[in-house]
Amino acid sequence: MRAVDVLVVGAGPAGSIAAREAARASRGLEVVLLERDRAVGAPVRCAEGVGDAGLREFANPEGAPWVARKITRVIFLAPDDTEVQVAERDVGWILDRTRFDAFLASEAVAAGADLQVGTEATGMTREPDGRWAVTVRGPGGRDVVRARVVIGADGVETMVGRWAGLDTRVPARDMESCAQYVVQGIDFDPDAIYLQFGEDIAPGGYAWLFPKGEGVANVGLGIVALKSDGRNARAYLDAWIARRYPRGARTGYTVGGVIVHTTVRQAYTDGVLVAGDAAHMINPLSGGGIVNAMKAGRLAGRTAAAAICTGDTSAGRLAAYHRDWMQLLGDDHLKYYRIKQALEHLDDAFFNGLARTVNAIPREKRTLGRIFAHALVKHPQMIPVAARFFI
Amino acid sequence: MPSVRAAEVAVVDLDVCDRCGLCLPLCPPEAIHLDSTALVIDRVACTGCRKCIAPCPVGALAMTAA
């Protein structure tokens, strides 16, 4: 039996930043960070792409050992393979998530948190004094950790959210089923990410190539199973790779779910906060979750620390976390979700036509705003769709 | 508790399952659990709704007679 102030479950980006921020907020707080797997950051279940500005709020990527590649271009592929290059500069980075997650966890430890790898939370109950008793299983056997605040950063399957009585379920239409290979020995622009849409390529999602170096990339896709022709994500990916990168060596493989919904109705309850994928804090348009998770973790860690210092860890006090999150990004995700719903009504012919229209614009002038404007002029059927973006 | 049981329930092939956790939030009665070693489906809680079957990226889930 051990008593702590903050127990963070899951040492991904949300959990490590939450632990770091809680420990930094008040040196006197005892913060424990649990990781179920034996190594932080492995196995990787991620395409590893992250935007430049968001990342820099948390860590400097220049020359960092946890960066695989800097990205300066985006290449959209229409369903008929028409390439559209979009002019950008500091687009983002492809991370080495194994190293990146270990780096973030080490920052939490440097701030004073106690990291325990290979240690899994197996259940939790609320005690009469308001603390949570969390049963854990690790190298030292079974134990119980009593915590004033538990932060559930335990990913798409969040057991913490469930144990705390929060509704973390998601409708099937808002679940992307993803598969990805690491592919070696293929030809592509190593400074660009590639995104391809298409009803037969990745129904309800998109296929991607994210470079990890010259000739090496994460190649994957996400589909919404309800729109599938009966094949699973892996079968769609095998077909896409066979067509576009038939000579590549598939040297690694991963699968996973990306929730393209909006933030859970309630990301807090008495003595509990949930953050990152566990709270569906993912950009529903892009499926991007890393920066969202870090921003949520920062809010969760700081809110937990402040609540403990005031002696009030009730749901009423912790509700500030949810409000702050919605203001920071959650409300934006609601707008992106509406855009996603509107895009679902567009077919392959629309995207093929749009690609040709955009390619008529000089490359240096192809900003996303201009593309959107051209889409409205050349494709009037887009106007009712666009109108819905802002409702 | 309702006395009506589902005619079919979901089962997992643990040789195929990658333990990615995708199916957990899809399950309306929260009958699927994940720990560090395995995915576990509660056959009593499963309502046979099939919502978890198609989304599995590797096809590890199937229906069987309850």
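The values are calculated or read from the model by the stated rules, or taken from the named source; none is laboratory data. These figures come from a predicted structure and were not determined experimentally. Ideal geometry is used to build each Cβ from the backbone, glycine not excepted, and the neighbour counts take in all protein chains shown.
Odds and ends about this structure:
- Qualifying residue in the range A:261-283 (condition: among the polar types (S, T, N, Q), under 12 Å from the mean Cα position of the chain (by Cα) and part of a helix (DSSP H, G or I)): no
- Residue, nearest to residue A:220 (Cα to Cα), within the range A:163-189, restricted to residues that are touching a strand residue (DSSP E or B) at 6+ places or on another chain (Cβ under 9 Å) and of a type in the set (D, E, K, R): A:176
- Complete set of residues in the range A:12-38 that are within 13 Å of chain B (Cβ to nearest Cβ) and assigned to a loop (DSSP other than H, G, I, E, B): A:12, A:36, A:37, A:38
- For the criterion of being in a loop (DSSP other than H, G, I, E, B), closer than 24 Å to residue A:123 by Cβ and touching a residue at least 40 places away in the same chain (Cβ under 8 Å), residue B:20 fails.
- A single entry from A:235, A:179 fulfils the requirement of being touching a residue at least 40 places away in the same chain (Cβ under 8 Å) and within 11 Å of chain B (Cβ to nearest Cβ): A:179.
- Subset of the range A:44-68 that is of a type in the set (D, E, K, R) and not in a loop (DSSP other than H, G, I, E, B) - its residue that is surrounded by the fewest Cβ atoms within 10 Å (Cβ to Cβ): A:56
- Residue, farthest from residue A:343 (Cα to Cα), within the range A:208-232, restricted to residues that are within 14 Å of another protein chain (Cβ to nearest Cβ) and assigned to a strand (DSSP E or B): A:220
- Residue selection: residue B:36 satisfies the criterion of being modelled with pLDDT under 95, surrounded by 14 or more Cβ atoms within 10 Å (Cβ to Cβ) and among the small types (Gly, Ala, Ser).
- Restricting attention to the range B:7-23, the residues being within 12 Å of another protein chain (Cβ to nearest Cβ) and touching a Lys or Arg at 6+ places or on another chain (Cβ under 8 Å) number 1.
- With respect to (1) buried (at least 21 other Cβ atoms within 10 Å of the Cβ); (2) over 18 Å from the mean Cα position of the chain (by Cα), the lone exception for residue A:100 is condition (2).
- Residue match in the range A:254-264 (condition: over 22 Å from residue B:56 (Cβ atoms), out of contact with any Phe, Trp or Tyr (no Cβ under 9 Å at 6 or more places or on another chain) and within 14 Å of chain B (Cβ to nearest Cβ)): yes
- For the residues A:150, A:160, A:136, the requirement of being within 13 Å of chain B (Cβ to nearest Cβ), in a strand (DSSP E or B) and of a type in the set (A, V, I, L, M, F, W, C) singles out A:136.
- Checking each residue of the range A:191-198 against the condition of being within 14 Å of chain B (Cβ to nearest Cβ) and assigned to a strand (DSSP E or B) gives no match.
- Across the range B:1-33, the number of residues qualifying as β-branched (Val, Ile, Thr) and surrounded by fewer than 19 Cβ atoms within 10 Å (Cβ to Cβ) comes to 3.
- Qualifying residue in the range B:51-65 (condition: closer than 28 Å to residue A:137 by Cα, exposed (fewer than 13 other Cβ atoms within 10 Å of the Cβ) and either modelled with pLDDT under 95 or not basic (Lys, Arg) (or both)): no
- Residue list for the range B:28-50, filter: over 21 Å from residue B:15 (Cα atoms) and either among the hydroxyl-bearing types (Ser, Thr, Tyr) or at the interface with another protein chain (Cβ under 9 Å from one of its Cβ atoms) (or both): B:28, B:30, B:47
- The sole residue among A:225, A:242, A:235 that is hydrophobic (A, V, I, L, M, F, W, C) and surrounded by 19 or more Cβ atoms within 10 Å (Cβ to Cβ) is A:225.
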